[in-house]
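Single-structure report; data block below.
The values are calculated or read from the model by the stated rules, or taken from the named source; none is laboratory data. Computed from a predicted structure; not experimentally measured. Don't worry about glycine lacking a Cβ; one is built from the backbone with ideal geometry, like all the others, and counts go over all protein chains shown.
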Amino acid sequence: MNFQGFLLYKCGLMKLRIRQKALSFKQYYSASNPKFQIDSPEIVYMADGRISPGGLGDRLHGIISLYLYCKKKGYKFKVNFCHPFRLKDYLLPNKVNWDIDPEKLSYNSEQTTVIPLFCTYKKYGMTVDEEAKYQHAFLDSFIKTDKKQYHIYTNAHFAYTPNIYSTAFHELFMPAKPLEEAINQNKKNIGGEYIAIVLRFQSLLGDFKEADFPTLPVDEQKRLMEKVYSKIQELYDERHKGQKVLITSDSRKFLDYVSSLDYVYTIPGRVVHLTYTPAHDYNLHLKSFVDLMMLADAQKIYLLVTGDMFHSGFAQSASFINDKPYEEIIF
């Protein structure tokens with residue numbers, strides 16, 4: 001933990017920061033808004049577009065983290081994931097009914113508290129389990145029985161080991177029928193077992209503009225694609241000769257480029273990032289879930305990173321779903 005982390009976590013300044021961040025939601029809550037009859041406190045994971053909790057992997061981590069917290073503490077757990085799509089259109093409740101009727105969300109300031117709780121452990125020189133302990137304590141201090149609903153925006157990583165994550169994921173979720181059909185079709189196309197490689201270029205190859213991330217000049221784009229292409233060939237030749245290789249990426253340009261390799265399979269469809277694609281288009285976002293669940297069933301998942309490519313957590317999150325081997329290759 002660095003000095004700034006010490007001040008925030010050890011000295012309690014992070015709790016003050018959370019309270020200050022919560023003030024930005026004040027406009028949505030009022031004592032004059034309707035109250036509801038809620039018998040016992042409810043913890044509601046929120047993804048409603050008012051603040052971004054990150055990409056799909058981050059959001060699933062947040063949901064699972066709150067679920068585990070509620071399971072331990074005995075609170076009711078609900079999910080209000082309605083932006084930029086409804087989560088239940090892709091992943092249905094399985095053993096736990098986490099779905100909440102939007103009409104049952106209380107925006108009465110006397111009845112409801114907002115808690116924004118986000119991962120910052122890498123920034124402050126902490127480990128994921130170290131931050132999780134502090135965040136547990138923060139939730140304990142904020143959640144009191146005088147309120148009936150707690151609207152929590154988070155990408156917390158309480159399930160930081162595969163076995164914990166996998167168990168919780170399957171208690172919470174099962175694929176909706178269209179997603180299941182798409183998964184089965186892609187598995188049929190591959191025709192057997194496969195390993196997977198994940199690549200995250202962000203804006204480097206010019207496919208789309210993501211935040212303030214740079215786009216490389218055309219000649220540098222070509223060199224980067226050739227370098228990654230060569231690493232994929234090397235990985236295949238040295239470790240996975242004769243196997244099919246699923247490649248997922250945020251760059252359609254690279255997916256089209258690498259699909260010339262006869263052992264490579266790429267999932268059809270437009271590539272989007274949840275945070276930067278606000279449109280509620282079912283098929284547009286379906287590919288992200290197909291990518292996730294196809295990765296989850298791979299025999300092994302690799303994350304390849306070189307240069308300014310993004311060290312994404314999506315691949316590891318996917319590996320946690322079915323507790324599959326995961327390896328990062330930095331080259």
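Among the candidates LYS95, LYS123, LYS133, LYS72, the residue that is within 20 Å of LEU292 (Cβ to Cβ) and surrounded by fewer than 16 Cβ atoms within 10 Å (Cβ to Cβ) is uniquely LYS95.
Looking across region 74-110 at every residue that is without any contact (Cβ under 8 Å) to a residue 60 or more places away in the chain and of a type in the set (A, V, I, L, M), the one that is farthest from PHE169 (Cα to Cα) is identified as ILE100. Only one entry of SER166, SER203 meets the criterion of being in contact with a Phe, Trp or Tyr (Cβ under 7 Å, 6 or more places away or on another chain), among the hydroxyl-bearing types (Ser, Thr, Tyr) and assigned by TED's automatic domain parsing to the domain that holds VAL264, and that entry is SER203. Filtering region 22-51 to residues that are in contact (Cβ under 8 Å) with a residue 40 or more places away in the chain, in contact with a strand residue (DSSP E or B) (Cβ under 9 Å, 6 or more places away or on another chain) and closer than 27 Å to SER317 by Cα leaves GLU42, ILE43, VAL44, TYR45, MET46, ALA47, ARG50, ILE51. Of all residues being over 30 Å from HIS280 (Cβ atoms) and among the aliphatic types (A, V, I, L, M) in region 1-56, which is surrounded by the fewest Cβ atoms within 10 Å (Cβ to Cβ)? Just the residue, please. The residue in question is ALA31. Exactly one residue out of GLY54, GLY62 is over 14 Å from LEU105 (Cβ atoms) and in a loop (DSSP other than H, G, I, E, B): that is GLY54.
Exactly one residue out of ILE100, ILE43, ILE64 is within 22 Å of PRO162 (Cα to Cα), at pLDDT 95 or above and of a type in the set (Val, Ile, Thr), and it is ILE64. Pairing residues of region 183-197 that are closer than 24 Å to GLU328 by Cα and touching a residue at least 60 places away in the same chain (Cβ under 8 Å) with residues that are basic (Lys, Arg) and part of a loop (DSSP other than H, G, I, E, B), at Cβ distances under 8 Å and at least 6 apart in sequence or on separate chains, gives ILE195/LYS300; ALA196/LYS300. Is there a residue being among the hydrophobic types (A, V, I, L, M, F, W, C), in a loop (DSSP other than H, G, I, E, B), over 24 Å from HIS311 (Cα atoms) and not assigned by TED's automatic domain parsing to the domain that holds VAL290 anywhere in region 79-91? Yes. As a summary of the residue check, LYS144 satisfies the conditions (1) outside the structural domain of LYS324 (by TED's automatic domain parsing); (2) crowded, with 16+ Cβ neighbours inside 10 Å; (3) of a type in the set (D, E, K, R) except for the one numbered (2). Sub-6 Å Cβ pairs linking a first residue in region 243-255 that is in the same structural domain as PHE289 (by TED's automatic domain parsing) to a second residue that is assigned to a strand (DSSP E or B) and among the hydrophobic types (A, V, I, L, M, F, W, C), at least 6 apart or interchain, are GLN243/ILE195; VAL245/ILE195; VAL245/VAL264; LEU246/ALA196; ILE247/ILE197; ILE247/VAL264; THR248/VAL198; SER249/LEU199, ordered by first then second residue. Among the residues of region 312-324, write down those that are of a type outside the set (Ser, Thr, Tyr) and either closer than 14 Å to THR248 by Cα or not assigned by TED's automatic domain parsing to the domain that holds LEU224 (or both). Once the filter is applied, which keeps residues that are of a type outside the set (Ser, Thr, Tyr) and either closer than 14 Å to THR248 by Cα or not assigned by TED's automatic domain parsing to the domain that holds LEU224 (or both), region 312-324 yields GLY313, PHE314, ALA315, GLN316, ALA318. When each of TYR134, TYR153 is tested for being at pLDDT below 95 and either aromatic (Phe, Trp, Tyr) or within 21 Å of the chain's Cα centre (by Cα) (or both), the lone residue that passes is TYR134. When SER259 is tested against (1) modelled with pLDDT under 95; (2) among the small types (Gly, Ala, Ser); (3) surrounded by fewer than 19 Cβ atoms within 10 Å (Cβ to Cβ), only condition (1) is not met.
The single condition from (1) modelled with pLDDT under 95; (2) surrounded by 12 or more Cβ atoms within 10 Å (Cβ to Cβ) that ASN186 fails is (1).
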